[in-house]
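The values are calculated or read from the model by the stated rules, or taken from the named source; none is laboratory data. Owing to the predicted nature of the structure, the values given are computational and were not obtained by experimental measurement. Note that each Cβ is placed from the backbone with ideal geometry, even for glycine, and that neighbours are counted across all protein chains shown. Keep in mind that these areas ignore ligands, DNA and RNA; they rest on the heavy atoms of the full protein, side chains included. Shrake-Rupley method; radii C 1.70, N 1.55, O 1.52, S 1.80 Å.
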Amino acid sequence: MPHDYIPVHCDFYDEVALHATERTTGKIHYFRSLEEKVLASSSGPVLDIVTEFKVEYLITRQDRIRLDRIVSIFGKPGPAFDVYQSFGNSCAG
C-alpha cells in the first residue's frame with residue numbers, strides 16, 4: 001500500500017460512528033489519493049463504518065472513504081485537514 005493507513009483518534013471515530021447511527025446527511029470532503037493530492041467530495045447519509053485489512057472506511061450511498069483521508073465532515077475538520085492546509089499553503093507559494 002503506497003500510503004499506509006494512519007489510525008484516527010478515537011474521538012473522531014466515535015463521532016463518525018454517531019453519524020452512522022443517526023444517518024447524518026451532509027457534505028464530506030476527502031483525499032481520494034494522497035499521492036496525487038486528489039480531492040473529492042461526497043454527500044448523503046453516513047451509512048456505516050467498516051474495517052478491511054486494518055483500514056477503516058466510512059460508507060455513504062456513493063462512496064467508501066478512508067477515515068484517515070477525511071478533510072472535513074459536515075463542516076468540521078477531519079484527520080486529513082492538516083495535510084489539506086499544507087497542500088493549499090504550498091500552492092499559494
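Output the residue which, of all residues in the range 28-37 that are assigned to a strand (DSSP E or B) and open to solvent by 50 Å² or more (accessible area, probe 1.4 Å), is nearest to Glu15 (Cα to Cα). Among those that are assigned to a strand (DSSP E or B) and open to solvent by 50 Å² or more (accessible area, probe 1.4 Å), it is His29. Just so you know, in the range 49-86 the residues that are assigned to a helix (DSSP H, G or I) and in contact (Cβ under 8 Å) with a residue 24 or more places away in the chain include one that is most open to solvent (accessible area, probe 1.4 Å), and it is Tyr84. Candidates in the range 1-27 are the residues that are small (Gly, Ala, Ser) and assigned to a helix (DSSP H, G or I); of these, the one that is surrounded by the fewest Cβ atoms within 10 Å (Cβ to Cβ) is Ala17.
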